[in-house]
1. Against the conditions (1) modelled with pLDDT under 95; (2) open to solvent by 30 Å² or more (accessible area, probe 1.4 Å), where does residue 227 fall short? Just the number, please.
2. Restricting to the stretch 116-146, give me the number of residues that are among the β-branched types (Val, Ile, Thr), in a loop (DSSP other than H, G, I, E, B) and open to solvent by 30 Å² or more (accessible area, probe 1.4 Å).
3. Restricted to the stretch 524-550, and to residues that are free of Cβ contacts under 8 Å to residues at least 40 places away in the same chain and of a type outside the set (Val, Ile, Thr), which residue is surrounded by the fewest Cβ atoms within 10 Å (Cβ to Cβ)?
4. So if I check each of 253, 303, 249, which one is outside any helix (DSSP H, G or I), charged (D, E, K, R) and either open to solvent by 10 Å² or more (accessible area, probe 1.4 Å) or at pLDDT 90 or above (or both)?
5. Would you check which residues across the stretch 457-474 are modelled with pLDDT of 95 or more and either touching a His at 6+ places or on another chain (Cβ under 8 Å) or surrounded by fewer than 24 Cβ atoms within 10 Å (Cβ to Cβ) (or both) and list them?
6. Of a type outside the set (Asp, Glu) and surrounded by 14 or more Cβ atoms within 10 Å (Cβ to Cβ): is that true of residue 161 in this structure?
7. Filter the stretch 175-210 down to the residues that are open to solvent by less than 40 Å² (accessible area, probe 1.4 Å) and aliphatic (A, V, I, L, M) and list them by number.
Amino acid sequence: MEADGPRAVAERVAGAPPAERVAVVDRRFRGHRHALRLALTDPRFDAGAVPGALAVQAAARPALSRALHELAGGADAAAPAAGGPAAPQGGAPTATVADGDVLADVLAGELGRQGAEPYRPELGVLVARVARGPQEEAAAAEAVAGVDEEAVRLRSAVKSRDGFFTTHCISPYSRYIARWCARRGLTPNQVTTASLLVALIAAGCAATGTRGGYVAAGVLLLASFVLDCTDGQLARYSLQYSTLGAWLDATFDRAKEYAYYAGLALGAARGGHDDVWALALGAMVLQTCRHVVDFAFNEANHDAAANTSPTAALSGRLDSVGWTVWVRRMIVLPIGERWFLIAVLTAATTPRVTFVVLLIGCALAACYTTAGRVLRSLTRKARRTDRAAQALADLADSGPLAEAVARVAAPLARRLPAFAPPLLAAIGAGALTATAALATRGTWWVVAAAVLYVVTSAIAVARPLKGALDWLVPPFFRAGEYGAVLALAAVSEVNGALPAAFGLVAAVAYHHYDTVYRIRGGTGAPPRALVRAAGGHEGRALLVAVLSAVLVTGSRHDGFTAALTVLAAVLALLVLTESIRFWVSSGAPAVHDESGEPA
């Protein structure tokens, strides 16, 4: 709707339903449609602006109303598009619109001063300007005609920082698939779901245990990855970001990969009578711990003050040498390179060879990334914030046992040196995992090690995690819990224990990934009631240790498998129910991962 004068604009804005987005666009705006689309329709931001245009979502509507009130004092006739209700009787306006000013730009500045800074997209060669006369209008039209808008839109659909395989082998054509999907009205969530279904079919093919099944599985896994790239490119191409979409994209990636591991393990058992469930579970444990290292380090340094280090400076200098960028991105074995490796090895070799190579590659990548981050942390002069400490505490996933011990041990924890939290976490996790792997099956020594793990874990989190290396605490906890489950199932020699343990770790890993994505989305960790009901990492580790000691004896071997299966089912039902409820119904902001971090 058009409006001349500030009062008319204010009336139009006030008449719009409070929950709807409103936009102010100068009628003299000249530019590309995609420039307007970037500013006016991106759901991730409360406000967006380009020269001559401003869009505001419901959360920023109060700030817009205040800005209009402040601008209403003297510019009713100043600009072709101006607006705002009159200033209060007897008061002077704090801001005005002078002759020639563009109201949308003035409003954008006012929003910034009120703390609601509009998002200003990088336009690159796209044109967005206000033409003040025939000469400027002709120049703008010439600039618009000189740019291939569709080519720019296709390029911007590709993530700016991605792996070598994805950038050079997938994105050159997947962007066109994304455009094809957009023109047929498909949504990113539909493409994400299709990617999941293709990956599950690939897992089913791998589970046949035949060479033809393995070849089909490798091809379908790569097809699933193409669709996995396409859903994000479709979201960027059509600006269809959503909270549900971010959750589906993140969790389905993990579900696809780990389901494929299970399919390979089933295929090995069926086709070659080879039990590789321990390798499959080991690959899942290692990959999940790698991700926790990434997430914990990033959260610990998300808003750290004085965030500098010689190691980071060296990394920045290496980025200026083109080939080193790609080498370092490939070394960390991101999702594209990792899935390509898995697909090729599946088609050409056996599941055992696939898992062994994958474990070696992921272990080397984990050592490389973790060592670099430790060096950065030790050489960085920074103060961690309360927000970072809370994020690490949430990622720790401490349950009621750790909470109770931490309350008693808090005075002791405050007197310990700065390196104590990660050291205690490493000692507890290492003792538990080593005892589970080396002790006689069914021994109560594992229970004693689990009790020690509870105590060390509690002391590690009894004070705020603000130390230079405190981001290592959550990864050590993951390694301790997952490693203990893997070791106890492997040494039990109980039929079906390892597949049941795989299911249990998958359920718990989902809970930990869900925590990460909630924190990254700005909505905070899952409710404490859910964490306590799930037992916390230390409670689950102690429970599995007790089950092993009680059930892996005499003639009651099958009870251990049944107990792990029931525990996995209960935890999966608990965390999935709450997670789905939250992501489907929450008011969390629409997010999309543009970090380019290895997945």
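The values are calculated or read from the model by the stated rules, or taken from the named source; none is laboratory data. Computed from a predicted model, the values in this text were never measured in an experiment. Because the Cβ atoms are built from the backbone with ideal geometry, glycine has one as well, and the counts that use them run over all protein chains shown. In case anyone asks, the SASA skips ligands and DNA or RNA and just uses the protein heavy atoms, side chains included. Shrake-Rupley method; radii C 1.70, N 1.55, O 1.52, S 1.80 Å.
1. Condition not satisfied by residue 227: (1).
2. Looking only at that region, the number is 1.
3. 529
4. From the options 253, 303, 249, the qualifying one is 303.
5. 457, 459
6. The answer is no for residue 161.
7. Answer for the stretch 175-210, where residues must be open to solvent by less than 40 Å² (accessible area, probe 1.4 Å) and aliphatic (A, V, I, L, M): 178, 182, 191, 194, 196, 198, 199, 202, 203, 206, 207.
For (1) under 21 Å from the mean Cα position of the chain (by Cα); (2) not hydrophobic (A, V, I, L, M, F, W, C), each residue gets a yes or a no:
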{"site": "155", "(1), (2)": "no, yes"}
{"site": "165", "(1), (2)": "yes, no"}
{"site": "171", "(1), (2)": "yes, yes"}
{"site": "174", "(1), (2)": "no, yes"}
{"site": "177", "(1), (2)": "no, no"}
{"site": "210", "(1), (2)": "no, yes"}
{"site": "218", "(1), (2)": "no, yes"}
